[in-house]
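Asks: Got a structure for you, questions after.
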Amino acid sequence: MKKSSRAKLVDALLKASNSSSDSELAKILGIKKQKISYWRSEKGSLDYDLLLEKFGRETLKFLSSEHGFDIETREKEREAKAGQLLAEAIRLLSEQTTIKGSIIEKSHQCNQESETVKLPFFLHTVAAGLPVDTTSPADDHLNLPLHMIAHPAETYATKAYGNSMIGAGIMEGDILIVDRRLEPQHKNIVIASVNGEQTVKQLWIENRKIKLIPKNRHYKPIEITKEMKFDIQGVVIWVLRKTV
């Protein structure tokens with residue numbers, strides 16, 4: 001039976017995310033497997049915003065040229081919708097101008113009073129490049145809400161480089177928030193040091209073997225051997241990205 005363009009697109013997403021099954025792709029996207037089945041059968045509409053977030057614009061531009069994924073039209077629709085929402089917000093706020101101690105003033109006051117944590121920010125990029133020496137002085141600092149960080153004294157920020165983890169939603173330039181205190185578990189995204197170089201990968205522990213798994217079919221897994229100098233330097237707990 002000839003596959004539909006939608007089914008071909010799902011197959012392409014499997015390859016782009018280095019997934020071996022619809023179930024694994026669903027986990028990466030954070031949705032139910034049934035939704036992937038709907039996409040294949042063309043019963044349900046594609047979640048464009050989710051795919052843009054997880055795979056990035058350049059990857060989806062390539063898929064659009066091959067499988068009819070109309071990213072340009074979708075982005076124009078998103079911009080138009082954002083403009084409409086902004087106009088509506090301005091209209092609603094203008095109706096409150098006569099009220100003293102307005103919602104905006106109260107919101108600003110709450111933000112000032114909210115607790116934050118100051119994390120060391122190491123600007124060296126991490127993927128297959130320069131190590132991040134978390135014992136040396138930080139290049140900068142990053143303030144985040146305290147409720148986002150479980151172990152402030154053991155947490156730091158750094159930047160991602162390359163596209164080996166696009167299937168996990170990590171793009172070049174993303175800020176990675178890393179917790180050194182957490183015990184690394186199977187399938188965690190971790191910062192690992194291999195022979196003195198750092199990389200961000202998915203930790204895979206199976207049959208007493210350890211592998212570092214990329215989320216891009218163009219990269220090969222790294223199998224850890226006894227001869228290697230190997231250390232896990234933290235678990236990635238947040239990925240921050242500027243969208244504008």
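Asks: Quick one: count up the residues across the stretch 127-142 that are modelled with pLDDT under 55 and part of a strand (DSSP E or B).
Replies: Qualifying residue count for the region: 1.
Asks: Moving on. Restricting attention to the stretch 1-39, which residues are basic (K, R) and either in a loop (DSSP other than H, G, I, E, B) or modelled with pLDDT of 80 or more (or both)?
Replies: Result: K2, K3, K15, K27, K32, K33, K35.
Asks: How many residues are among the acidic types (D, E) and either crowded, with 17+ Cβ neighbours inside 10 Å or part of a strand (DSSP E or B) (or both) when one looks only at the stretch 163-193?
Replies: Counting residues in the stretch 163-193 that are among the acidic types (D, E) and either crowded, with 17+ Cβ neighbours inside 10 Å or part of a strand (DSSP E or B) (or both) gives 2.
Asks: Report the residue count in the stretch 156-173 for those that are in contact (Cβ under 8 Å) with a residue 60 or more places away in the chain and of a type in the set (K, R).
Replies: 0
Asks: Now, a different point. Restricted to the stretch 143-162, and to residues that are open to solvent by 70 Å² or more (accessible area, probe 1.4 Å) and part of a loop (DSSP other than H, G, I, E, B), which residue is farthest from V239 (Cα to Cα)?
Replies: Only one residue fits best here, namely A150.
The values are calculated or read from the model by the stated rules, or taken from the named source; none is laboratory data. Just so we're clear, the structure is a prediction, and the values are computed from it rather than from any experiment. Cβ sites come from the backbone with ideal geometry, for glycine too, and all protein chains shown count toward neighbours. In case anyone asks, the SASA skips ligands and DNA or RNA and just uses the protein heavy atoms, side chains included. Shrake-Rupley method; radii C 1.70, N 1.55, O 1.52, S 1.80 Å.
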